[in-house]
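No lab work stands behind these numbers, since they all come straight from the coordinates. Just so it is clear, the structure is predicted and the values come from calculations on it, not from any experiment. Glycine also receives a Cβ, built like all others from the backbone with ideal geometry; neighbour counts cover every protein chain displayed.
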Amino acid sequence: MPRVYSEKIKQKARNFRSRGWSLGEISLKLRISKSATLGWVRDICLNEKQKERLKQKIIASGAIGRPLAIKANREKMERWKKEIRVKVKTFEKFSLENTEIGKLVCGLLYLCEGAKYPASRYLHFGNSDSKIIYFFINLLKKTYNINEDKLRFSIGYRYDQDYEELKNYWSNLTGIPGSKCLNSKPDKRTKGKPTLKKDYKGICRIIYYDTSLQFELQSIGEAVIKNGAEGS
């Protein structure tokens, strides 16, 4: 059965509302629902001063609640990420010392981010993520007996970035001498548009002058894709 409230409680609610209290404040004070409160005070009109008080109350509540909501959401996201990382932890056991696994990973990466034959006649792999570039170049060196004299790199960067600084950064990361950085020019479309991401280092393109290796990596990726398509 619906709870029955006394006339005294109803009158208290009306008195609070007449003084400019919000429905939430009245509900909390008298320990009654907002819906019940609204039914009792619906006909009470607030003056401009009272409306301003309610407005400021809402702003203040938002200022308190927003950081708490952001914190709660951040904690929820961290729990979600942790659960998934635990779920996939078994993949850490895969040994890239195994040549076949190394070639498989290289091929899949190249199929996603590399220039394809015959449009390109040499290995050309680009990405802005330094971890991916570092992983690819080191796995390539570990898996294949490459001639490092054939290695080059180039940089795609924004107009307001320092080319020499970027060249040194990618040279150190890839192990390819800065003298082997091919001439790179800034993207003219970014002129007058400041770089917002302060840690953005442009796009590094690993270049290796060997058509056979390029086509092998491409073919490995295509073979995996074909196998998956035929098995579906």
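Worth pointing out:
- Coil-residue trypsin sites (Lys or Arg not before Pro) of region 157-191, DSSP, other Cβ within 10 Å capped at 16: K191
- Backbone N within region 121-148 under 20 Å of label point (7 Å from E222 Cα along the Cβ vector): 121-126
- For region 191-232, the spread of Cα positions along each principal axis, largest first, Å: 49, 32, 17
- Region 7-85 - Debye-derived log10 I(q)/I(0), Cα point model, q = 0.11, 0.17, 0.23 Å⁻¹: -0.44, -0.72, -1.02
- When the P(r) of region 99-231 is calculated, the portion above 27 Å amounts to 23% of the C-alpha pairs.
- Under 13 Å, Cβ to Cβ, from R85 - net charge with Lys/Arg +1 and Asp/Glu -1: +2
- Pairwise label distance in nanometres, N145 with L68, each label 7 Å out on the Cα-Cβ vector: 6.8
- Placing R0 at 30 angstrom, the Cβ-Cβ distance between R121 and V88 gives a FRET efficiency of 0.20 after rounding to 0.05.
- Based on C-alpha pairs under 8 angstrom that are at least 6 apart in sequence, region 140-232 has a relative contact order of 38 percent.
- Rg over Rh for the chain works out to 1.33, using Cα positions for both radii and the Kirkwood form for Rh.
- The calculated 222 nm mean residue ellipticity attributable to helices in the chain amounts to -18500 deg cm²/dmol, summing -39500 (n - 2.57) over DSSP H runs of n ≥ 4 and dividing by all residues.
- Charge dipole (the chain, unit charges on Cβ, about Cα centre) - positive-most of V86, I146, S6: S6
- Its convex hull of Cα atoms gives region 50-127 a direction-averaged projected area, equal to a quarter of the hull surface, of 10.5 nm².
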